[in-house]
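See structure below.
Here, each number is a calculation from the coordinates, and none is a lab measurement. Predicted model, so just to flag it, every value in this text is computed and none were measured. Note that we place each Cβ from the backbone using ideal geometry, even for glycine, and neighbour counts take in every protein chain shown.
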Amino acid sequence: MALPTINPTTTKAWKALQAHYQNIKDTHLKDLFAESPERAATFSVAWKDFYVDYSKNRIDETTKRLLIDLAKEVKLEEAIKSYFEGDIINKTEERAVLHTALRAPSSHHIQIDGTNVIPEVTEVKKKISGFCDTVIDGTLKGHTGKPFTDIVNIGIGGSDLGPAMITESLAYYKNHLHVHYISNVDGDHVHQSLKALNPETTLFVIVSKTFTTQETLSNATTARSWFIEQASAEAVSKHFVAVSSNIPNVTKFGIAENNIFPLWDWVGGRFSLWSAVGLSISLSIGYTNFEALLEGAHDMDDHFRATSFEDNIPVILGLLSVWYNNFFEAESEAIIPYSQYLHRLPAYLQQGIMESNGKSVDRIGNPVDYQTGTIIWGEPGTNAQHAFFQLIHQGTKLIPAEFIGFKHSLFNDKDHHDKLMANFFAQTEALMNGKTEAEVTQDLKSKNLSEEKLRELIPFKIFTGNKPTTTLLIDKLTPKSLGALISMYEQRIFVQGVIWNIFSYDQWGVELGKQLATNILSEINNTQISEHDSSTKTLLKRYLS
């Protein structure tokens, strides 16, 4: 069954939301809290070790009801069923979208074209577990008999961003292996990365589903050449493994067939860290922790699949995003993790969200006449407070923000963690309340300023407030809680895509630049410039001169 194709703007709920927006758009959050002192209990969800407080958003109970009506009217319930049952919902590529199957227990039964995929997924998990165990305990050695000390993951996009983000996020749980990531085709990047490595003790993981990706193969070939300079071509099979579906190309590269970890076409790149693409994660933190990551994601999958929309975390977050994007015309959303471990999370979510929902045609190929994907950005707090929070607090743009924090730190340094979390709580309160002219005046009068100076400063110190935030408070950063967090965002992407009536799981926009780059590289290699616009032609001439 295909996804429904309903233009959201034609629904009764959308029209009702437009009318409702006119009534609520100027309402201040302070007034909403004054009218309903227990508002936090009404607009929050407690699930396992997650507490999601969305009460500091510019909504009331009517807003929530109408947004849920919209979700029902575009048949989100039916879409979720199709998604989890392996229907071909990535229609332009004729593929199912089943990254959820990668974290499902072995007892589950999920079919694609009449075949249960879970046994095959389970076999790959066993292979990952066995391989990682032998590398970590030193049983598997390099060509000179030395155990591995360094792992180099070579991939790009989903073959890099997800594994790199998880490895950084779970650095507290890492073992003795040092994991490095090479992605950019920038030669300086790969050569700088190789400088500090010992070829005798380095294991390379080449991640490319097709084993044709230009950036990945260029970097892999450079790494192979570097290795052969100090070893031999025969030794490549002991130091290189691959995650790919293209066995002929991989074996031609010199990688032994038993060192190839398979991928399936129903796993999209930006949702692939749960598969063998996560091999470098498992090598870094051990398979037991990798399995816990999968379990956390599966728990969130179950929550998303079975929970009513009123208390469904991904559904609520997806609907809030639609509310701001399509009615308040907010073009971006900030994601602020109050954990340095999660410093790569915003970049990871940029790909997941912007590549998925950055679409301008609907599911039957017609141009849309409403906004779809949002711009995602962010940095960890408290660093972010000293960077771009000025724009959120006093700028002219409405920027909904999500704050992610943890009740407990990993090193149990209470002094540091209390200071971190004091900022976490204070910022959402400040963004909501702002600071009135009367409050500013009172503060300035206590400084014994002249009346003239006081009048001069007042406008600059006023904060209008009414800036929406959502707070995710999680007990502790563990592999399991991180898995649930990432799954939450993945399912939020799905909710938005269904409502916007777009295909979230293709990425044709990525392909055009690749095609042109291939043509231009040929021109550079042959020093013969073909027809281009005057700008591109001039730039190429200057580059080749």
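For region 488-514, taking the residues that are touching a residue at least 60 places away in the same chain (Cβ under 8 Å) and over 28 Å from residue 11 (Cβ atoms), the one that is farthest from the chain's Cα centre (by Cα) is identified as 514. When 310, 331, 295 are checked against the criterion of being closer than 30 Å to residue 133 by Cβ, surrounded by fewer than 21 Cβ atoms within 10 Å (Cβ to Cβ), in contact (Cβ under 8 Å) with a residue 60 or more places away in the chain and not polar (S, T, N, Q), 295 stands alone in meeting it. Among the residues of region 488-519, those identified as outside any loop (DSSP other than H, G, I, E, B) and surrounded by fewer than 16 Cβ atoms within 10 Å (Cβ to Cβ) are 509, 510, 511, 512, 513, 514, 515, 516, 517, 518, 519. Does residue 96 satisfy the condition of being of a type in the set (A, V, I, L, M, F, W, C), in contact with an Asp or Glu (Cβ under 9 Å, 6 or more places away or on another chain) and under 20 Å from residue 270 (Cα atoms)? Answer is yes for this residue. Among the residues of region 21-32, those that are without any contact (Cβ under 8 Å) to a residue 60 or more places away in the chain and either of a type in the set (D, E, K, R) or in a helix (DSSP H, G or I) (or both) comprise 22, 23, 24, 26, 31, 32.
Give region 234-262 a look and list any residue that's in a helix (DSSP H, G or I), free of Cβ contacts under 8 Å to residues at least 60 places away in the same chain and among the small types (Gly, Ala, Ser), or say none. Across region 234-262, the qualifying residue is only 237. Within region 263-285, the only residue that satisfies the criterion of being among the β-branched types (Val, Ile, Thr) and assigned to a loop (DSSP other than H, G, I, E, B) is 267. Number of residues in region 137-192 that are without any contact (Cβ under 8 Å) to a residue 60 or more places away in the chain and either under 27 Å from residue 478 (Cβ atoms) or in contact with a Leu (Cβ under 7 Å, 6 or more places away or on another chain) (or both): the value is 10. Taking residue 341 as the residue in question, decide whether it is surrounded by 21 or more Cβ atoms within 10 Å (Cβ to Cβ) and over 30 Å from residue 228 (Cβ atoms). Taking the combined requirement at face value, the residue does not satisfy it.
When region 99-124 is filtered for residues that are in contact with a helix residue (DSSP H, G or I) (Cβ under 8 Å, 6 or more places away or on another chain) and not small (Gly, Ala, Ser), the ones remaining, listed by number, are 99, 100, 102, 103, 105, 108, 109, 110, 117, 118, 121, 124.
For region 90-111, a residue qualifies if it is closer than 27 Å to residue 509 by Cα and either assigned to a loop (DSSP other than H, G, I, E, B) or among the aliphatic types (A, V, I, L, M) (or both), and the qualifying residues are 94, 96, 97, 98, 101, 102. For region 370-382, the criterion of a residue being more than 23 Å from the chain's Cα centre (by Cα) and under 22 Å from residue 503 (Cα atoms) is satisfied by at least one position. For the structure I just gave you, tell me whether residue 180 is in contact with a strand residue (DSSP E or B) (Cβ under 8 Å, 6 or more places away or on another chain) and exposed (fewer than 14 other Cβ atoms within 10 Å of the Cβ). So residue 180 fails the test.
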